[in-house]
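See below for the structure under consideration.
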Amino acid sequence: MTSQTIRSLAVEAQLPVRSCLERLRSGGLQVGLGSQRLDGDSLARARAILELAVVRPPAAAEPKRELDATALLIRLLRPLREKGKLGRNKTTALDLVHGHGVPDHQKAAAKAYAEQLLREGALDEKVSGGRRHVWLTEAGLRRLREAEAEAAAVAPAGD
């Protein structure tokens, strides 16, 4: 809920705090000190008395953007290619594959997709230091190139 002090209303109205208090009292509001907080109807009334724009609560946030399968594949595999994680001696921890670059609300889906990529052979793994480490295979590179080509074909001209 939005609230505002009388002191901040006075600054916004470009009035001394004492003058602001007097105007609010003459407008019918029972206010005390400049540090008093107003909210809801009393804030709306105070802003109207001081001839300030009514502050609307922020609109609901945009709906969460869902990554499709192609975008998710690119987000999972491209960082491996760019970091040179190709081959058994060039690995990264599996949890880093699905832990970065994916919106929080899709991390579980990304984790399941990473496991699917392991089963399909796009990624290969070994256990190193007690953690599962993966690298990008030739099949994974091929899938990544195909997904990037598909995404480029679908993207609008201005992107």
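Values in this text are rule-based calculations from the coordinates and carry no lab data. These numbers come from a predicted model, not from an experiment. Please note: Cβ atoms are built from the backbone with ideal geometry, for glycine as well, and neighbour counts cover all protein chains shown.
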Q.
5 Å is the cut-off here: which amide hydrogens, built 1.01 Å from N in the peptide plane, fall below it relative to residue 52, excluding neighbours closer than 5 in sequence?
A. none
Q) What aspartates and glutamates sit close enough to residue 90 to cross-link, taking a C-alpha to C-alpha distance under 18 Å and skipping anything fewer than 8 places away on the same chain? A) 82, 124, 125, 138
(Q) Name the residue from 129, 6, 91 whose Cα lies farthest towards the positive end of the charge dipole of the chain, charges +1 on Cβ of Lys and Arg and -1 on Cβ of Asp and Glu. (A) 129
(Q) Tell me the angle of helix 17-26 to the major Cα principal axis of the chain, expressed in degrees between 0 and 90 and rounded to the nearest ten. (A) 70
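Give me the percent of DSSP beta bridges within the chain that run antiparallel, rounded to the nearest 5. Before the final figure, lay out each step's value.
Working: 11 of 12 bridges.
If I count the DSSP bridges inside the chain, around 90 percent turn out antiparallel.
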Q.
How high is the relative contact order of the chain? Use alpha-carbon pairs under 8 Å, at least six apart in sequence, and give a whole percent.
A. 19
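Per the helix-only calculation at 222 nm, which mean residue ellipticity applies to the chain, given -39500 (n - 2.57) for every DSSP H run of n ≥ 4 and division by its residues, nearest 500 deg cm²/dmol?
On the way: 7 runs with 79 residues, N = 159.
So the calculated ellipticity at 222 nm is -15000 deg cm²/dmol.
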Q: Classify region 3-49 as rounded, prolate or oblate from the Cα gyration tensor: take a ≥ b ≥ c as the square roots of its eigenvalues, call it rounded if a/c is under 1.5, otherwise prolate when a/b beats b/c and oblate if not.
A: rounded
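So which of 85/111; 64/126; 64/85 end up more than 26 Å apart by C-alpha? Don't skip to the answer; put the middle values down first.
Values: 85/111 18 Å; 64/126 35 Å; 64/85 30 Å.
In this structure, 64/126; 64/85 exceed 26 Å between Cα atoms.
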